[in-house]
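K.L.:
The structure's right below; bear with me while I get my questions together.
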Amino acid sequence: MEATLPLGLFAGIGAGLVAIGAGIGIGRLAASALEGMARQPEASVKLQTAMLIAASLIEGVALFSCVICLLTIILK
């Protein structure tokens with residue numbers, strides 16, 4: 001008798017961890033950017049641009065990871 005791994009469960013846990021990690025990362029990024037804007041209001045445009053670029057990169061990695069998790073379920 002061969003033991004099978006519940007890939008759907010592991011993929012679901014992986015997608016959840018990705019979402020949690022992306023949320024924490026973007027939250028910390030926004031908090032740091034807002035703190036920097038409060039300290040130096042004249043640099044707010046540069047900080048906002050850098051924050052948006054970094055947030056989009058984090059979201060891109062999170063989306064890619066979720067697609068990999070879903071493909072694991074579909075192509076098992």
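Values quoted throughout were computed directly from the atomic coordinates according to the rules given, and no laboratory measurement underlies them. Predicted model only: the values in this text are computed from it and were never measured.
K.L.:
Shape verdict for the stretch 8-68, please, from the Cα gyration tensor: rounded (a/c under 1.5), prolate (a/b greater than b/c) or oblate.
P.N.:
Oblate, because a/c is 1.5 or more while a/b does not exceed b/c.
K.L.:
While we're looking at this one, here's another question. Helix 44-74 versus the longest principal axis of the chain: what angle, 0 to 90°, nearest 10, using Cα atoms?
P.N.:
Helix 44-74 sits at roughly 0 degrees to that axis.
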